Every structure is written in structure tokens, then in C-alpha cells.
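These notes are about the structure you will find just below.
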């Protein structure tokens, strides 16, 4: 075969290969959507006519975008009431924590309360938070160290009179008695018939009887804490002192006793005081009440959707005008310190200075131990005067300083020096 014939054969083979390739491509593209038979490109999908609205990409398909002044009706199923019930199991757990608090097992009670706060919700969680706050206050206000009950002695005089003493020191020709009331006296030996020890159980009963009579007359929370709770701990009566502390925290004015811990710590403990007083429970109850009112104001389901035929558009309910803003409760205007307040503050400074003088004299001279009580009473008068003044920063800081001074003086008071 010559060269010309070879070229003609190659051309026919190439043409045949092209036809086969084209037919194969046509068969492959025939089943693709939008492909127009006989064309080389897919057919264009018809677009929206002029004037058609494009859906907002931020709106869920099938949900009409709300128009200004018109709100989409909310189904009552979207609003659920807040459940304020507490299951019987949770009630038993809360009672267990309360029992732990009552039995003076605060670390274990704190762990149980924290676990319950983390794993619960609603009213159960708020009640657990209330117990947790109460534990925090008890741990902060409980005296860190407990004293030891004194070994009481009874000194019987020759004339039949007797004295209950915390200690008796014998010297040449006399006895020096430290009385349970806090005083000090000296008796000649010939005037003393006998000195005998009092059994610990009997001494404990004597302490509790005398303390109980005096504490029952304490009304001020600061006095109740200093002259009651701390005095019990000083005498080694820890269980009784802890009972007084739990009783103190149940009072509505117990937050005044927090000032004895110092200004900064008292401010840190105030949120716990509010929680322990039931602020969290009151808040969730108010929230549940508002939710109930919101559900009651929502149109019923049969008036919102499903009452019209499928071909008719969903009825549009005009939004109600917003309620007028709730006015905050009227607050008593904070009165700026006046000249009278400045003079009262000057009087407080004078009382504090006078109390310091009493305290110094009592520490230097044992015969003037009665000045400890005078110092405490003088500081008590200063605290009462501060309580009647406007609650400025200066007044709050001064109250905290006076309270800490009262704490220092109370440590030097006699066991029954009220």
C-alpha cells in the first residue's frame, strides 16, 4: 500500500472514532436533569418573575417573617409553667442536710448541699442553695477555738455564806477568790470554814443555769452573739453555744451581728445572708407567677392555628400595646450627713475614747476589772447611737470598728459579767 492510501485509511479511522465518542457522550448526558436533548449545555431553570419576593435567608422556610406592628401568635405550648414542686426523694435529701446541720456536722452538710445544687433545678435547687448559704454563715460565725469549762470551787464561810469561784489562791493568812461573777475578793483564813471542789457535772449545770437566765434578757443580736454564743464557747459549752448560733441566724436582724467579723468579711457574707433568708426561693416563686400570667394572656391554641381551611392564610393577630413600665418602689432618699449627724459622730468618737480608757485601766490594775464591763457598755452606747444615724460609708465603717472593739472587750469580761 502506497503512502496516499495509508493517509486515507487513517482519516476514515479517525472519523469513525469521533462518531463513536460523540454517541457515547450523548448516552451519558441523556439522564442528567435539566439537559436539553440536542444541545450541548444543560437547560436553564426558569427564575422568579419580576416582583416575586425572595425569602429572607435568616427566616426559617415556611415561616412568614413578622411585619412591623404585627406579631405572630405564640402557641401556649411554647410557654410552660415553672414547676415549683419538690419530689419526695429530694425532700428527704433536704431533710438529711438539715439534720446534719442540726447535729453540728457542717463539712458533711456542705458537701451534700453543694452536690444537690449542682445536680438539681427549680425549687429544689433554690432550697439547696438556701441550706448551703446557711452552712456558710454558720462556718463563718462559729468561734474557731473553744475554751475549757473552769473547775468550779465552793468556798464556805464560817457564817454560813458560800461563794462559787473559778479559782482559789491560798496565801499566808488569806484566800484570794476569783468569783464566778467576774469579781475578785479576799477572805481571811479564820473566816473560811472549808474549800471544796464542785463535780464537773454539777459545775456544768451551774454554768448553764446562770447563763440561761442572763441570755434570755439579751435582745440585741450583737449582744446575743458576743455575750451569748461566744461566752458559751469560752466556757467549753460547744453544743449549747452552737444551738444559740443557729437560733441567732433565724432572727430577722441577725445580719447586724455580721459586723463583728469586720467590714470586708461582713460585706462578703451579705449575699449568703439574703439567700439563707429565702431571697432565692422568693425570686423563683415570683418568676413562676409571672410565667402563669403570661400563659393566661396568650390566646388559646384553637384561635391561633388550625381553625382555618388549608387554602386560607393564617390569621394575623395584632400585637397588644406593651404594658406601662412598672414603677420601682419608692425609695427613701438618702439623707446627707448634716451638722447634727456630725455632732453625733463626734459623740461616738468621745464614747469610743472613753471606752478605751476604761479598757486600759482594767488591764493595768486588777482591782479595776469592773472597768471591762464599763468599756463594753460604753461601746454598746456608741453602737446604739450609730444605729440611729444614716447608713453612710463612714457610719458603716465605724460600726464595724466598734463591733470588733466590743469583741476584744468581751474576751476580758467575767463569765457572768453582763
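Scanning segment 237-290 for residues that are loosely packed, with under 13 Cβ neighbours inside 10 Å, touching a residue at least 40 places away in the same chain (Cβ under 8 Å) and within 23 Å of residue 227 (Cβ to Cβ) turns up just one, 239. Any chance segment 191-198 includes a residue that's part of a helix (DSSP H, G or I) and over 17 Å from residue 147 (Cα atoms)? For segment 191-198, residues part of a helix (DSSP H, G or I) and over 17 Å from residue 147 (Cα atoms): present. Selection of segment 381-412 for residues being surrounded by fewer than 21 Cβ atoms within 10 Å (Cβ to Cβ) and more than 29 Å from the chain's Cα centre (by Cα) yields 381, 385, 411, 412.
The combined condition, being modelled with pLDDT under 85, within 27 Å of residue 144 (Cα to Cα) and either touching a helix residue (DSSP H, G or I) at 6+ places or on another chain (Cβ under 7 Å) or not assigned by TED's automatic domain parsing to the domain that holds residue 186 (or both), is fulfilled by residue 400. Which of the residues belonging to segment 174-195 are in contact with a helix residue (DSSP H, G or I) (Cβ under 8 Å, 6 or more places away or on another chain) and under 15 Å from residue 158 (Cβ atoms)? Result: 174, 175. Within the bounds of segment 281-288, is there any residue that is under 21 Å from residue 380 (Cβ atoms) and either at pLDDT 90 or above or touching a helix residue (DSSP H, G or I) at 6+ places or on another chain (Cβ under 9 Å) (or both)? No, there is no match, as no residue in segment 281-288 is under 21 Å from residue 380 (Cβ atoms) and either at pLDDT 90 or above or touching a helix residue (DSSP H, G or I) at 6+ places or on another chain (Cβ under 9 Å) (or both).
Total residues in segment 188-235 satisfying the condition of being surrounded by fewer than 18 Cβ atoms within 10 Å (Cβ to Cβ) and modelled with pLDDT of 85 or more: the figure is 19. Looking only at residues of segment 337-369 that are within 18 Å of residue 183 (Cβ to Cβ) and buried (at least 16 other Cβ atoms within 10 Å of the Cβ), we find that the one that is modelled with the lowest pLDDT is 369.
The values are calculated or read from the model by the stated rules, or taken from the named source; none is laboratory data. All of these numbers come straight from a predicted model, not from anything done at the bench. As a convention, Cβ positions derive from the backbone with ideal geometry for all residues, glycine included, and neighbour counts pool all protein chains shown.
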